[in-house]
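The values are calculated or read from the model by the stated rules, or taken from the named source; none is laboratory data. Predicted, not measured: the structure shown is a model, and the values here were computed from it. Reconstructed Cβ throughout: ideal geometry from the backbone, glycine too, with neighbour counts over all protein chains shown. What goes into the accessible areas is simple: the full protein's heavy atoms, side chains included, and nothing from ligands, DNA or RNA. Shrake-Rupley method; radii C 1.70, N 1.55, O 1.52, S 1.80 Å.
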Amino acid sequence: VAQLLARVDATVAGLSWDELHQATLFHGDIGASKARMDATAQTEQAAARAEDGADAIAAELRALGAEYEAKYGFKFMIAAKGKPGSFMLGELKRRLASGDRAAEQATVRAVLAHIAKSRLAAELEAPAALQERLEAMLGEFGVPGLSVAVMHASGVVTTICAGEAASGRAMMPDV
């Protein structure tokens, strides 16, 4: 698992800014309503919804998030898991005031790597949950099937298949 997580760092480090920007688009907006978030984002932002004044904080997060995106050209990214909304709001205000676009891009890169590693580690600890999530994603993104190969530190490779890939049906790419 440690080697796989290290590869996430290397992969994210090698992405162009355009690729990173595209990756941010797959993440929910901080402060968004539950209806606008996938199950993972809902879980990660649960602490923000549980604190006193959560509705007012969420409204301010949305407003300042829009201001941040207008200023920097990309959405505000923070690893939200377990963090109260008041903490995230403070970080958003601090980063919005900094005015340093290059520093914000570096922060977004680090945050995306952290989120990817956190989610991957959680999924690797529960392969059945990963398979269930992959199957749910098939319908969510209109994908007929997929397979994911995970190499463990021991060198053992586990392949998890879902949809048509799990049925053994050959999948051919569109040409």
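Brief remarks on what is shown
- Accessible surface of the chain, 1.4 Å probe, proportion on carbon and sulfur as whole %: 57 percent
- A DSSP coil position with no more than 15 other Cβ atoms inside 10 Å describes the following GluC sites (Glu not before Pro) in the stretch 1-104: Glu51.
- Counting only lysines at least 8 places from Lys93 when in the same chain, those with an alpha carbon closer than 19 Å to its own are Lys71, Lys75, Lys81, Lys83.
- A 1.4 Å probe run over the chain, with the rest of the protein chains in place, finds 58 Å² accessible per residue.
- Cleavage-rule hits (chymotrypsin sites (Phe, Trp or Tyr not before Pro)) in the stretch 1-93: DSSP loop, at most 12 neighbouring Cβ within 10 angstrom: Phe26
- For the chain, the Cβ-based charge dipole about the Cα centre amounts to some 300 debye (Lys, Arg positive; Asp, Glu negative; other atoms uncharged).
- Mean separation of Cα pairs under 8 Å and 6 or more residues apart, divided by the residue count, gives the stretch 9-76 a relative contact order of 34 percent.
- Note on Lys117: aspartates and glutamates with a C-alpha under 13 Å away, same-chain residues under 8 apart excluded, are Asp9, Glu125.
- In this rough spin-label picture, where each label sits 7 Å from Cα along the Cβ direction, the Ala70-Leu5 distance is 4.0 nm.
- Each pair of Cα atoms in the chain enters the Kirkwood radius, and Stokes-Einstein at 10 °C and 1.306 mPa s then converts it into a translational diffusion coefficient of 88 µm²/s.
- Span from the the stretch 20-74 Cα centroid across to the the stretch 81-108 one, whole angstrom: 12 Å
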